[in-house]
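The values are calculated or read from the model by the stated rules, or taken from the named source; none is laboratory data. Because the structure is predicted, anything quoted here is derived from the model rather than measured. Cβ sites come from the backbone with ideal geometry, for glycine too, and all protein chains shown count toward neighbours. Heads up: the accessible areas ignore ligands, DNA and RNA and are worked out on the full protein's heavy atoms, side chains in. Shrake-Rupley method; radii C 1.70, N 1.55, O 1.52, S 1.80 Å.
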Amino acid sequence: MALDAQLRRALAERIRYYNELGIYDFYRRSGPADEPSLADSAKDLFRSSDTPHLAGDSARAKLIQPEEREDMTRRAAVARRVRDENIFEVAADKPEYSVADPAKALKIIREDLGDCTRCVLHKQGRKQIVFGVGSPRAELMFIGEAPGADEDQQGEPFVGRAGQLLNNMIKAMGLQREDVYIANIIKCRPPGNRTPEREECETCSPFLMRQVAAIKPKVIVALGAVAAKTLLAINAPMAELRGHWYEFKPTGVRSDDPSWRGAKLAVTYHPAFLLRDPRQKKEAWKDLQMVMRELGLKPPARVAE
Ligand code: SF4
């Protein structure tokens with residue numbers, strides 16, 4: 001279909017903006033009609049014959065300190081740096097600080113979010129806010145990009161085909177979906193499942209930071225480039241972001257537990273990307289194995305097919 005000149009210019013401008021952020025790979029999140037078979041994808045990823053040995057990748061797991069992130073950013077030769085903008089800064093005390101129970105804290109954060117109209121996404125066709133789901137005491141947290149059509153419909157993150165794949169990834173780690181906490185950088189579906197704008201991430205992510213501080217996970221897995229780059233404020237390709245540990249402390253918030261000094265963060269591919277490029281599933285499995293070693297998890301003898 002031919003695009004008119006104005007639309008072409010707008011698209012070029014949008015792509016340039018994401019390129020400046022270091023995002024070059026574009027994919028469509030869970031949609032209702034046009035994705036590959038879930039059964040094929042899940043089998044491919046979780047067949048035990050596909051499972052590399054746990055000890056094989058220990059050399060990849062290196063803790064990235066903030067100074068090294070700077071190096072990575074420079075090496076990526078990307079123009080814009082979002083770190084300087086301190087996008088998560090939230091100065092005031094939060095109402096959940098008065099409670100120690102993470103479930104209650106999450107409830108307070110949800111109430112504070114309300115029927116949010118803080119960014120333009122509230123008037124661009126969202127059906128509902130997708131806050132997050134899972135155990136308030138989870139040691140492991142997965143953070144994706146934004147709700148898709150199924151998530152918008154059901155009010156829960158990762159419930160479409162990509163969600164099914166994420167469930168299988170969690171099972172392959174020897175966990176259940178209920179054991180972890182799952183959320184996204186932004187809580188409302190962008191129209192047409194487009195990649196979130198920077199302003200939308202900046203406006204919405206402080207609530208995610210409060211969720212992280214309330215849950216106090218040991219490990220966070222950033223799913224995909226947008227989540228990784230927003231959480232870490234690093235402009236680097238996925239190939240560089242993956243395979244390392246990062247110290248992550250949500251800024252602008254504090255935890256009720258002074259012994260919690262933040263989470264370790266790993267980066268892997270977004271499940272929607274894996275559905276579109278199943279060859280990368282083995283790489284994603286390596287990332288998850290790194291996480292399993294950190295959490296002391298052993299894979300089940302034979303994972304679900
Ligand atoms: S995306 Fe976040 S900030 Fe924007 S309207 Fe939804 S809940 Fe509010």
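Starting from the 7 Å offset along Cα-to-Cβ, what nm value, one decimal, do you get for the label separation of residue 176 and residue 199?
4.4
With a 1.4 Å probe and all protein chains left in place, how much of the accessible area of segment 165-305 comes from carbon and sulfur atoms, in whole percent?
Details: 2230 of 4580 Å².
That share works out to 49 percent.
Hey, how many Å between the Cα centroid of segment 137-202 and the Cα centroid of segment 238-305?
14
What ranking, highest mean first, results for peptides 106-112, 283-289 when packing means the other Cβ atoms within 10 Å averaged over each residue?
Working: 106-112: 16.4, 283-289: 20.9.
My ranking of the peptides, most packed first, is 283-289, 106-112.
Determine the gain in length on full extension of the stretch residue 120-residue 257; use 0.36 nm per residue of separation and subtract their C-alpha separation, reporting nm with one decimal.
Numbers: separation 137, 0.36 × 137 = 49.32 nm, distance 3.45 nm.
The span from residue 120 to residue 257 would gain 45.9 nm if fully extended.
Mind ordering 184-195, 142-153 by average Cβ neighbours within 10 Å, highest first? Don't skip to the answer; put the middle values down first.
Values: 184-195: 21.6, 142-153: 24.7.
So the order, starting with the most tightly packed, is 142-153, 184-195.
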